[in-house]
Amino acid sequence: MPQVRIIAKNFMDMVASLPAMKLDNLYSNAFICEAILRSLPPLAKKYVLQMLCIDGPISAKSMQEWVLADGASKHKVAVDRLLQLRIFTETVDRKRETSYRLNPVFQSNLQKLLVSGEVLPGEPLPSSITARLPSLEELDVFAIEQWECFMLQLINSSQAERPSNISSSTMKVFQRGLLTQRDKEAPRLTESGFQFLDRGVDPADLISFLLELSFHVTGEAYNISSLTDIQRETIKDLADLGLVKLQQGRKESWFIPSKLATNLSMSLTDSSSRKQGFVVVETNFRMYAYSTSKLHCEILRLFSRIEYQLPNLIVAAITKESLYNAFENGITAEQIISFLQQNAHPRVAERIPSVPENVTDQMRLWEADLNRVEMIPAHCYDEFPSREVFEGACEFAREGNGFLWEDSKKMRLIVKAEIHKNMREYLSRSK
Amino acid sequence: MASAPSKLYADDVSLLMVLLDTNPLFWSTSSLPFSNFLSHVLSFLNSILLLNQLNQVAVIATGYNSCDYIFDSSVSTSRGLENGRMPALCSNLLQKLEEFVVRDEQLCKEGSENGLASSLLSGYVAIMNAIFSAQRSMVPIDSCYLGSNNSAFLQQASYITGGVYLKPQQPDGLFQYLSTVFATDLHSRTFLQLPKSVGVDFRASKEDSRKDGRPLESRRKDSRKNDPNIQLASSV
């Protein structure tokens, strides 16, 4: 069985965590096959390509021979991922030999792609209709502006320069989902972010639409009338997020995908997607952030006290109070530390550690202070009729993994609330 | 000479340069028709572009007398179907290839009086230059060789640069060879079992090595750096 658990870190991971039935349906769309293939680990891609023209199953043993000895762990990760995505199907024959074969729908779609090359999902509108389109730079600026405006509104709605059209109810869905991880937000949709799009519409439809969108060319205009009703509804929300820009001509209206949309299906390694950092943390808990972005300022405000705001510099202090504020909002010390490390200014990013140890340690200690008491809902039993019944009950609780505490003299027992029901049944049986 | 140490690659993005030998002397005697060969190669190019959004492919045709770019994925932006049926990559490449072959043939007629000896010698120097600079910049040269004998030149080139030299036993299944061996990105090469050289002929090349069929030579490298070898390679 597959061993890797997929944690939705980006859009493709989220797609991968869909239930099997949905995945099988998705593979009927060639764009999704392509996007999924590109999201795979390098070795897994290689296997798919290698097996693309092979119709029969291949035994696990012979696949093992494809890799060198020190690649065994990578091999396992690749095969597990392929199984999890149902690109590989596993069969075990009578001699207990495992063999794999490619998902036939996936396989035939990719074969077609190999012969025909990449096909674009739609024809861009000719420039005679669209007149002047925004340049790529303008589009980038637009996308980032939209995204930052939206993020600002999420974090602190009073700071947003202009209210976006996103209704307050969808905003709430977003806030609920993102609250715990919002300080790590990079401009990309997360699983929780995705839920907001998911209003009575089949997620599979949306995923295929988003993936199709990612194969459009950045900066080209595409006619909106080519979309289905659901897609037309969705694309307005996507425009608010900066994934597309909507424009209206005399007769037609069209959408222009931005980089945010076309990067959706891209899964890059961390190093290539990392942006330039801007934060310097000193050992005296002072923090200097070289940034003009309001969003950055608001993010820092989540866990620190802003002291000065200069045109290109934000000076802040990390204090116990400011951190408690963050912890209350559900942000963990680990998240803050990793945010500081990932966004370390190039001057300090080279150093190890990039954030002073006394600061990170203190942050962890303050967090640990809050977690001295752990609360577990529980039930207490006493007045057992006999010692046998009491001991039987203790044993039962231990087996059910719900045992918390016992006092054998007074014959009292405390168990976790989740096994209370089973416990009652057990006790009534033993009477 | 020891083979080049391999660079460490963090991701699987690659730039693939394909050198196609279009020498009519070889293809007129080959068991695999040139058209079949081309369709294998086209699928191979498509598969490289399919694997990663950032992958790039350039194809250079080397003829009897000259060589030229016939495809560059970073230039041809119009992807998708053209003229209704033929995919853009195919039609672009085939058109350029045809133009190239015609030009090469004409050059051949013009150049026949001058004699080939001098060009052969300068060709040899250029090839060795290309190989050594590929070694220096750690760009592996892979060779897929369809001729009857082994090519000492390409064996050495692949060995020195840490690439793969392969002579497919069944040319009809060329795509399988290409996708299994040559489509491997440099990142995965560190832990994949690839064909090893069985014995490289280290003798100095004889002059007639140029007449051997040298259908496909591919080199891949980290796409983020400029390739200093392209210029040299094109004077092969």
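The values are calculated or read from the model by the stated rules, or taken from the named source; none is laboratory data. These numbers come from a predicted model, not from an experiment. Virtual Cβ from ideal backbone geometry, glycine too; neighbours counted across all protein chains shown. Each accessible area value is taken on the protein alone, full model and side chains, heavy atoms only, with ligands, DNA and RNA left out. Shrake-Rupley method; radii C 1.70, N 1.55, O 1.52, S 1.80 Å.
Using the structure shown, decide if residue A:243 is in contact with a Phe, Trp or Tyr (Cβ under 8 Å, 6 or more places away or on another chain) and of a type in the set (A, V, I, L, M).
Details: in contact with a Phe, Trp or Tyr (Cβ under 8 Å, 6 or more places away or on another chain): no; of a type in the set (A, V, I, L, M): yes.
So residue A:243 does not fit the description; no.
Test of understanding: among A:417, A:393, which residue is of a type outside the set (Asp, Glu), in contact with a His (Cβ under 7 Å, 6 or more places away or on another chain) and not assigned by TED's automatic domain parsing to the domain that holds residue A:302?
Only one candidate qualifies: A:417.
Output yes when any residue across the stretch A:106-117 is surrounded by fewer than 17 Cβ atoms within 10 Å (Cβ to Cβ), more than 15 Å from residue B:188 (Cα to Cα) and touching a residue at least 12 places away in the same chain (Cβ under 8 Å), and no when none is.
yes
What's the number of the condition residue A:83 fails, among (1) within 14 Å of chain B (Cβ to nearest Cβ); (2) under 32 Å from the mean Cα position of the chain (by Cα)?
For residue A:83, the exception is condition (1).
Here is a yes/no grid of residues against (1) more than 9 Å from every other protein chain (Cβ to nearest Cβ); (2) modelled with pLDDT of 85 or more; (3) touching a Pro at 6+ places or on another chain (Cβ under 8 Å):
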| site | (1), (2), (3) |
| --- | --- |
| A:9 | yes, no, no |
| A:42 | no, yes, no |
| A:78 | yes, yes, yes |
| A:90 | yes, yes, no |
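If you check residue A:94 against the conditions, is it more than 13 Å from chain B (Cβ to nearest Cβ), at pLDDT 85 or above and open to solvent by 70 Å² or more (accessible area, probe 1.4 Å)?
no
It is to be established whether one or more residues within the stretch A:313-334 are open to solvent by less than 80 Å² (accessible area, probe 1.4 Å), among the aliphatic types (A, V, I, L, M), within 30 Å of residue A:424 (Cα to Cα) and touching a Ser or Thr at 6+ places or on another chain (Cβ under 7 Å).
Scanning the stretch A:313-334, I find no residue that is open to solvent by less than 80 Å² (accessible area, probe 1.4 Å), among the aliphatic types (A, V, I, L, M), within 30 Å of residue A:424 (Cα to Cα) and touching a Ser or Thr at 6+ places or on another chain (Cβ under 7 Å), so the answer is no.
This table checks each residue for (1) at pLDDT below 90; (2) of a type in the set (A, V, I, L, M); (3) more than 28 Å from residue A:39 (Cβ to Cβ).
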site: A:247; (1), (2), (3): yes, no, yes
site: A:254; (1), (2), (3): yes, no, yes
site: A:301; (1), (2), (3): yes, no, yes
site: A:314; (1), (2), (3): no, yes, yes
site: A:342; (1), (2), (3): yes, no, no
site: A:357; (1), (2), (3): no, no, yes
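From (1) modelled with pLDDT of 70 or more; (2) part of a helix (DSSP H, G or I); (3) not small (Gly, Ala, Ser), pick out the condition that doesn't hold for residue B:169.
(2)
Spot the failing condition for residue B:209; the list is (1) more than 23 Å from residue B:14 (Cα to Cα); (2) at pLDDT 80 or above; (3) in contact with a Phe, Trp or Tyr (Cβ under 7 Å, 6 or more places away or on another chain), and only one is missed.
(2)
Let's see how each residue does on (1) open to solvent by less than 10 Å² (accessible area, probe 1.4 Å); (2) of a type in the set (Phe, Trp, Tyr); (3) within 14 Å of chain A (Cβ to nearest Cβ); (4) not in a strand (DSSP E or B):
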residue	(1), (2), (3), (4)
B:132	no, yes, no, yes
B:143	yes, no, no, no
B:149	no, no, no, yes
B:153	no, yes, no, yes
B:174	yes, no, yes, yes
B:179	yes, no, yes, yes
B:188	yes, no, yes, yes
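For the stretch B:21-48, give me each residue that is crowded, with 19+ Cβ neighbours inside 10 Å and either within 11 Å of another protein chain (Cβ to nearest Cβ) or over 22 Å from residue B:68 (Cα atoms) (or both).
B:40, B:42, B:43, B:44, B:45, B:46, B:47, B:48
Can you find even one residue in the stretch A:29-39 that is open to solvent by 50 Å² or more (accessible area, probe 1.4 Å) and part of a loop (DSSP other than H, G, I, E, B)? Before the answer, list the steps.
Our first condition is that a residue be open to solvent by 50 Å² or more (accessible area, probe 1.4 Å); within the stretch A:29-39, this holds for none.
Among the residues of the stretch A:29-39, not one is open to solvent by 50 Å² or more (accessible area, probe 1.4 Å) and part of a loop (DSSP other than H, G, I, E, B), which makes the answer no.
Within the stretch A:50-62, how many residues are within 15 Å of residue A:75 (Cα to Cα) and within 9 Å of chain B (Cβ to nearest Cβ)?
Total satisfying the criteria: 1.
What do you reckon, is residue A:105 at pLDDT 85 or above and more than 10 Å from chain B (Cβ to nearest Cβ)?
The answer is yes for residue A:105.
Against the definition (at pLDDT below 85, within 14 Å of chain B (Cβ to nearest Cβ), over 30 Å from residue B:172 (Cβ atoms) and open to solvent by 30 Å² or more (accessible area, probe 1.4 Å)), how does residue A:123 come out, yes or no?
When the stated conditions are applied, residue A:123 passes them.
Which condition breaks for residue A:34 when tested against (1) touching a residue at least 24 places away in the same chain (Cβ under 8 Å); (2) over 21 Å from residue B:11 (Cα atoms); (3) of a type outside the set (A, V, I, L, M, F, W, C)?
(2)
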